[in-house]
Amino acid sequence: MPKHQLDPNNWIKLYSDYLFNYTITRVSSREIAQDLVSETFLAGLKSMANFKGEASERTWLISILKRKIIDHYRKINSNKGKAEVRINYNSDTDAEGDWLEERVADPFDKTAEDTLENSELGDAIHDCIGKLPEKQAEVFKMKTILGYDTETICNELDITASNLWVIIHRARTALADCMEKNWF
Amino acid sequence: MKKRFLFISCEEAKHICDKRQYGESTGWERIKLGIRLMWCRFTKAYSKNNNKLTDALNKAEVDCLNRIEKEKIQKEFEQELAKHK
């Protein structure tokens with residue numbers, strides 16, 4: 001019997017935010033990220049028969065998404081030359097240092113390790129949010145990640161401001177505990 | 001009366017601390033929280049963890065779908081799912 005089984009009825013609820021966060025850091029456009037996530041779910045549905053049950057549902061969906069992201073870049077770079085990187089000696093600015101050595105990246109800028117660590121941190125946060133009760137997760141995401149103001153959330157979810165702060169408090173306490181165990 | 005004016009409960013301190021994470025606490029609330037933080041180790045521990053969580057959230061730059069975006073994906077998916085049943 002396979003270790004894992006697929007349940008597409010819960011895919012959007014369980015994995016859409018995780019897949020979206022994974023995509024948005026790689027394509028930097030909300031619309032494109034949204035389309036790629038949607039395509040991933042549809043592709044997953046079509047290839048359910050190929051699922052062997054060795055990996056978790058999420059890992060399997062991520063592997064489909066990775067291919068979708070690669071395909072996306074292949075498509076936009078399909079015109080020859082678009083993907084070429086051109087680095088020239090620069091003489092057309094007033095800046096003193098016009099040699100490439102003087103134009104190297106800022107050493108205090110984000111490194112590949114920073115990016116990787118932040119991406120893993122993002123995964124850990126999403127895992128912890130996934131463990132919250134549905135309502136708490138929704139309010140927390142709207143307030144903290146999407147940055148909606150209190151009034152908008154209260155109107156949209158039909159709750160009072162004090163209710164919202166109680167939910168936020170519970171969500172933050174649970175998240176801090178979860179992150180303490182898994183990350184900090 | 002004056003004492004109650006300056007000294008707040010642990011619950012109120014936590015509430016102000018939460019609001020502070022979103023930049024929604026007033027100057028006066030921050031003063032009251034500051035006083036509580038000087039002597040209450042529970043508030044101090046909560047505040048420390050809360051700030052740590054905010055730092056992690058800012059560092060990770062997490063993002064998610066809003067309700068409309070999610071509903072759009074859900075709708076497309078359900079149409080396809082219905083075909084598979």
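Scanning the stretch A:129-148 for residues that are facing chain B (nearest Cβ under 9 Å) and among the charged types (D, E, K, R) yields A:GLU138, A:LYS141, A:LYS143. The lone criterion from (1) closer than 21 Å to B:LYS52 by Cα; (2) out of contact with any Ser or Thr (no Cβ under 7 Å at 6 or more places or on another chain) left unmet by A:SER119 is number (2). When you look at A:ILE153, is it touching a residue at least 24 places away in the same chain (Cβ under 8 Å), part of a helix (DSSP H, G or I) and out of contact with any strand residue (DSSP E or B) (no Cβ under 9 Å at 6 or more places or on another chain), yes or no? Judged against the criteria, A:ILE153 is not a match. The residues of the stretch A:12-35 that are among the hydroxyl-bearing types (Ser, Thr, Tyr) and in a helix (DSSP H, G or I), listed by number, are A:TYR15, A:SER16, A:TYR18, A:TYR22, A:THR23, A:THR25. A:SER38: without any contact (Cβ under 8 Å) to a residue 40 or more places away in the chain, in a helix (DSSP H, G or I) and either within 13 Å of chain B (Cβ to nearest Cβ) or surrounded by 14 or more Cβ atoms within 10 Å (Cβ to Cβ) (or both), yes or no? It is true that A:SER38 is without any contact (Cβ under 8 Å) to a residue 40 or more places away in the chain, in a helix (DSSP H, G or I) and either within 13 Å of chain B (Cβ to nearest Cβ) or surrounded by 14 or more Cβ atoms within 10 Å (Cβ to Cβ) (or both). Scanning the stretch B:16-30 for residues that are of a type in the set (Ser, Thr, Tyr) and either within 13 Å of chain A (Cβ to nearest Cβ) or crowded, with 17+ Cβ neighbours inside 10 Å (or both) yields B:TYR22, B:SER25. Is it the case that B:ALA13 is without any contact (Cβ under 8 Å) to a residue 12 or more places away in the chain, part of a helix (DSSP H, G or I) and within 14 Å of another protein chain (Cβ to nearest Cβ)? The answer is no for B:ALA13. Return yes when A:ASP106 is part of a helix (DSSP H, G or I) and either at pLDDT 60 or above or more than 10 Å from every other protein chain (Cβ to nearest Cβ) (or both) and no when it is not. No, not satisfied.
Let's see how each residue does on (1) charged (D, E, K, R); (2) within 22 Å of B:ASN49 (Cα to Cα); (3) part of a helix (DSSP H, G or I); (4) not assigned by TED's automatic domain parsing to the domain that holds A:PHE20:
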| position | (1), (2), (3), (4) |
| --- | --- |
| A:ASP123 | yes, yes, yes, yes |
| A:HIS126 | no, yes, yes, yes |
| A:VAL139 | no, yes, yes, yes |
| A:THR144 | no, yes, yes, yes |
| A:ILE159 | no, no, no, yes |
| A:ARG172 | yes, yes, yes, yes |
| A:ALA176 | no, yes, yes, yes |
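Selection of the stretch B:1-51 for residues being hydroxyl-bearing (Ser, Thr, Tyr) and either modelled with pLDDT of 95 or more or within 23 Å of A:PHE140 (Cα to Cα) (or both) yields B:TYR22, B:SER25, B:THR26, B:THR43, B:TYR46, B:SER47. Name every residue in the stretch B:31-84 that is free of Cβ contacts under 8 Å to residues at least 24 places away in the same chain, over 22 Å from A:ASP127 (Cα atoms) and either at the interface with chain A (Cβ under 7 Å from one of its Cβ atoms) or within 21 Å of the chain's Cα centre (by Cα) (or both), in order of residue number. B:ILE31, B:GLY34, B:ARG41, B:LYS44, B:ALA45, B:GLU76, B:PHE77, B:GLU80, B:LEU81, B:HIS84 - these are the residues of the stretch B:31-84 that are free of Cβ contacts under 8 Å to residues at least 24 places away in the same chain, over 22 Å from A:ASP127 (Cα atoms) and either at the interface with chain A (Cβ under 7 Å from one of its Cβ atoms) or within 21 Å of the chain's Cα centre (by Cα) (or both). Looking across the stretch B:16-59, the residues that are closer than 24 Å to A:GLU151 by Cα, of a type in the set (S, T, N, Q) and in a helix (DSSP H, G or I) come down to B:GLN21, B:ASN50, B:ASN51, B:THR54, B:ASN58.
The values are calculated or read from the model by the stated rules, or taken from the named source; none is laboratory data. Keep in mind the model is a prediction, meaning the values are calculated, not measured. For neighbour counting, all protein chains shown are included, and Cβ atoms are generated from backbone atoms with ideal geometry for every residue, glycine included.
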